[in-house]
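Beneath this line is the structure, given in C-alpha cells, with notes to follow.
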Amino acid sequence: MRMDVEITLEEAFSGVRKRITVPKFERCDACHGTGAKEGKVVTCPDCGGAGQMRRTQSRGFAQFVSVGPCTRCRGTGRAPGTSCPECDGRGVNQRTSQIDLEIPKGVDTGSRLRIAGAGEIGPPGTPPGDLYVVIDVRDHPLFRRDGADLLMEAEMSYPTAALGGEIEISSLDGTAKVKVPPATQPDAVFRLKGRGMPVRGDLRGDLYVRLKLKVPDKLSSEEKNLLKRLAELEGHQANGPFSKLKKKR
C-alpha cells in the first residue's frame with residue numbers, strides 16, 4: 001500500500017511524529033478468512049477440488065484449450081458451504097487502523113518510509129504486505145529549498161547598504177545575523193554555513209540570503225532634507241574638477 005503524508009518545512013527540519021489512519025482489508029474474524037459461515041468449507045463444486053478450470057474454445061476446425069485458476073475458490077479447491085454473513089463470503093472486511101509514524105528530520109518531498117506488515121493482506125498462508133508512506137513537504141512562504149540548502153530574501157536599508165552594518169534574519173532554528181560590508185549592492189547573496197536543513201547526524205546544509213534594497217514608503221521632513229543634501233553632494237561630484245578630464249577621455 002501507498003499513502004501520501006504532507007508536512008511543513010519546520011516539521012521536516014526537526015522531525016515529527018504523525019498519527020495516520022490507514023484503511024485496508026483484513027481477514028474476517030468470524031470465518032478466519034475462509035468466506036464460509038463458521039469456517040465450514042466444502043470441496044469446490046465448480047472445479048471438483050482441483051483448483052483449476054479447463055476451458056475449451058472452438059475456432060473453425062481448431063480447438064484452443066486454456067487452464068486457469070478457478071474463479072470461485074481462487075485456486076484453493078475449497079469453497080464456502082454457506083457464505084459468511086459478516087463478510088458476504090469474501091473472507092475479508094475493510095477496517096481502519098491508527099499508526100504512529102516517526103518522520104525523521106531532513107526528509108524531502110518524495111522520501112519514502114516503509115512500515116513492514118502494515119499493508120494489505122496477501123493470499124491465504126502469506127503475511128500482509130508493507131505500507132509505504134511518501135512524504136510531501138509543503139512550500140514555505142519565506143524559505144525555498146534546494147536539497148539540504150535553504151534560500152531566502154531579506155531587506156536592507158540604503159544606509160546599511162552604503163555604510164555597512166548588520167541585519168537580523170529569521171531561520172528555522174531561531175534568528176541569525178548577516179554582516180553587511182560597505183557598498184553592498186542589491187541582490188548580493190550571503191552564505192550562512194550550517195544553517196540549512198539536516199543531512200545526517202550533526203551535518204546540515206547552508207542558508208543563502210539574498211539582500212534586497214528597502215525603499216521607505218514615507219519620509220519625514222528631516223529624512224527628505226538629508227536625501228536632498230546627499231543628491232546635491234552627488235551632483236557636485238559629477239560636475240567637479242575632474243569631470244572635464246572624464247569627458248575628454
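The values are calculated or read from the model by the stated rules, or taken from the named source; none is laboratory data. Given the structure is predicted, the values throughout are model-derived calculations rather than measurements. Quick reminder, even Gly has a Cβ in these numbers, built from the backbone with ideal geometry, and neighbours come from all protein chains shown.
Each row is one residue, and each column tells you yes or no for (1) among the basic types (Lys, Arg); (2) more than 25 Å from ASP29 (Cα to Cα); (3) touching a Gly at 6+ places or on another chain (Cβ under 6 Å).
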{"residue": "CYS44", "(1), (2), (3)": "no, no, yes"}
{"residue": "PHE61", "(1), (2), (3)": "no, yes, no"}
{"residue": "THR71", "(1), (2), (3)": "no, no, no"}
{"residue": "GLY75", "(1), (2), (3)": "no, no, yes"}
{"residue": "GLY81", "(1), (2), (3)": "no, no, no"}
Exercise for the section: Quick one: in region 50-62, of everything that is hydrophobic (A, V, I, L, M, F, W, C) and over 27 Å from GLY91 (Cα atoms), which residue is surrounded by the most Cβ atoms within 10 Å (Cβ to Cβ)? Expected result: ALA62
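Of the residues that make up region 107-117, is at least one more than 30 Å from ARG145 (Cα to Cα) and modelled with pLDDT of 75 or more?
Within region 107-117 (the criterion being more than 30 Å from ARG145 (Cα to Cα) and modelled with pLDDT of 75 or more), the answer is yes, since at least one residue qualifies.
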Problem - Test for ARG90: is it closer than 30 Å to VAL133 by Cα and not in a loop (DSSP other than H, G, I, E, B) - result: no
Practice task
For region 94-109, enumerate the residues that are part of a strand (DSSP E or B) and crowded, with 16+ Cβ neighbours inside 10 Å.
Solution key: LEU101, ILE103
Practice task
Output the strands (runs of 3 or more DSSP E) that fall wholly within region 110-151 and possess 3 or more residues being surrounded by 12 or more Cβ atoms within 10 Å (Cβ to Cβ), or say none.
Solution key: 131-137, 144-146
Problem - Subset of region 63-82 [surrounded by 10 or more Cβ atoms within 10 Å (Cβ to Cβ), at pLDDT 80 or above and part of a strand (DSSP E or B)] - result: GLY68, PRO69
Problem - Verdict on LYS24 being basic (Lys, Arg), farther than 22 Å from VAL133 by Cα, in contact (Cβ under 8 Å) with a residue 24 or more places away in the chain and surrounded by 12 or more Cβ atoms within 10 Å (Cβ to Cβ) - result: no
Handout entry: Selection within region 1-46 - among the basic types (Lys, Arg) and outside any loop (DSSP other than H, G, I, E, B)
Key = ARG2, ARG17, LYS18, ARG19, LYS24, ARG27, LYS37
Problem - Candidate set from region 157-171 (those that are surrounded by 14 or more Cβ atoms within 10 Å (Cβ to Cβ) and among the polar types (S, T, N, Q)); member that is nearest to the chain's Cα centre (by Cα) - result: SER171
Exercise for the section: Look at GLY119 and say whether it is under 30 Å from GLU11 (Cα atoms), of a type outside the set (Phe, Trp, Tyr) and touching an Asp or Glu at 6+ places or on another chain (Cβ under 7 Å). Expected result: yes
